[in-house]
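J.: Here it is: the structure, laid out below.
Derivation of every value follows stated rules applied to the coordinates shown; laboratory data play no part. A quick note: this is a predicted structure, and the numbers were derived from the prediction, not measured. Backbone-built Cβ (ideal geometry, glycine too); neighbour counts: all protein chains shown.
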Amino acid sequence: MNCSEALKLIGAYMDRELDLRSAMEFERHAGQCEKCGQALEQAKMQSQALKNDQLYHQAPSSLRTRMSMMIADQVVAKPDERKSSIRSTISMSWWSYGLSLASVAAFSLALSLQLGKPSADMQISEEVMSSHVRSLMEGHLADVVSTDQHTVKPWFAGRLAYSPPVNDFSSQGYPLVGGRLDYIDQRPVSALIYRHNKHIINVYVWPDMAQGRAETLSRDGFNLIKVSKSGMIFWIISDLNAAELKDFANLL
Amino acid sequence: MPSINKTNRFEMTILIHLDAAYNLARWLMRHGPDAEDVVQEACMRAFKYFDSFHGNDGKAWLLSIVRNACYSRFQQNSQQPVTYTLDDGDENEDQEAPMSENPEAILSRLQDILYLDRAIATLPIEFREVLILRELEDLPYKTIADIASIPVGTVMSRLSRARAMLKQQLTQGDLES
């Protein structure tokens, strides 16, 4: 086997898709040829790097619940089946509906056990976190890119039924980057993006009359702060350290 | 009629692969909400035709439905060319990717998840899908061939092209971060 043949087989060898004879010939060549041996190592390294949980998009729990519900609905809600309303059919349908609901309930229970504390805030913090991570990927950061508060604020008008407070904190070291429409807690909300050095800060704002003390939370390397102020609730998230993020929260 | 038995079987053989379905849709659509729509549509379809599913690989079956749903969504919106103009026959030429001059630099890029994410997202869809199915789902070539409705040989050449393109993006690319 020569180098050009061997280099073509690297992928299939790595994926264990070669027949035994070709695999052995490849190994013999890669063992003797420094260039091909190195190319194999590099290919393995690249392949390994892709097997990273952070690149794998797991189904959002809301989608999972919706799918289970949908299947449950299919069992009872088909009108043509209702027509053949023999008593036993109906009771059977309700029986299965009940069971399906039970499985959804069991799932939700498992979910809340997994989260440890089944509170609304916990649910929101999960959503805020995944939205934050999503916003950092491939051009999802901002729908409107501007450091000018007078550009960002009007952008939300007509898109939301409220107007989020937008300020530029450049002089304090937290310049405004832009704004984005996002979806948290089953409603469209404004997301404001700020920056501190190289750290991106997302601020999710929506109206909420509830008053409460600021709460901080740290998960998976992110710091989250929840603040209520003048009829709005702010969820602030970043990989910035907790102290600086708190300084930022105090500016809002 | 859909029976409790059918829903249970559907959950056990198809819905347990919801993560894989979403992951594929998310990588093809490159947009979370669109991916959710597509997966939901695909699951409805899968449930509707579940009686005609007699195979034993529920994951491959669901993923092929998800893939088709993604492609027809693209066609509806004419968002993106469905076929890449490159001839599959030409794919063998480009496999001798240049060796990296600077192994440390490529190593640090491999550890930069956001860069990797963007680099994969830049691949044309035909190459992206085989890469995702192989590297993230760990599927054998034969299964990938079934899902994408292409011959095994094409899986092999597209995959190696995808890896070469990714490598080039990692060694020479300069994606905005």
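J.: Averaged over B:19-26, how many beta carbons belonging to a partner chain fall within 10 Å of each residue's beta carbon?
T.: Values: counts 6, 3, 3, 7, 5, 1, 2, 6.
Across B:19-26, the average partner-chain Cβ count within 10 Å equals 4.
J.: Arranged by the count of other C-beta atoms within 10 angstrom, fewest first, what order do A:H57, A:H199 take?
T.: A:H199, A:H57
J.: Ok, one more. Which links in A:K153/A:K226; A:K8/A:K44; A:K8/B:K167; A:K51/B:K167 stretch past 18 Å when you go from one Cα to the other?
T.: Checking Cα-Cα distances, A:K153/A:K226 exceed 18 Å.
J.: What is the set of long-range amide H partners of A:M232 at a cut-off below 5 Å, with H atoms built 1.01 Å from backbone N?
T.: Here A:D208 satisfy the definition.
J.: Which cross-chain or sequence-distant (5 or more) residues have an amide H under 5 Å from the amide H of A:V177, H modelled 1.01 Å from N in plane?
T.: For A:V177, whose amide H was placed from the backbone, the distant partners under 5 Å are A:I193, A:Y194, A:R195.
J.: Which whole number gives the average count of other chain Cβ atoms within 10 Å of the Cβ atoms across peptide A:60-72?
T.: Mean shielding count: 5.
J.: Under the classification rounded if a/c is under 1.5, otherwise prolate if a/b is larger than b/c and oblate if not, where does region A:120-251 fall, given a ≥ b ≥ c as square roots of the Cα gyration tensor eigenvalues? Show your work: numbers first, answer last.
T.: Details: a/c = 1.24, a/b = 1.07, b/c = 1.16.
Since a/c stays below 1.5, the shape of region A:120-251 is classed as rounded.
J.: What's the exposure ranking of B:L107, B:L166, going from fewest to most Cβ atoms within 10 Å?
T.: B:L107, B:L166
J.: Let me ask something else about it. When you look at the Cβ of every residue in B:134-146, what mean number of other chain Cβ atoms sits within 10 Å?
T.: Whole-number average of other-chain Cβ neighbours for B:134-146 is 3.
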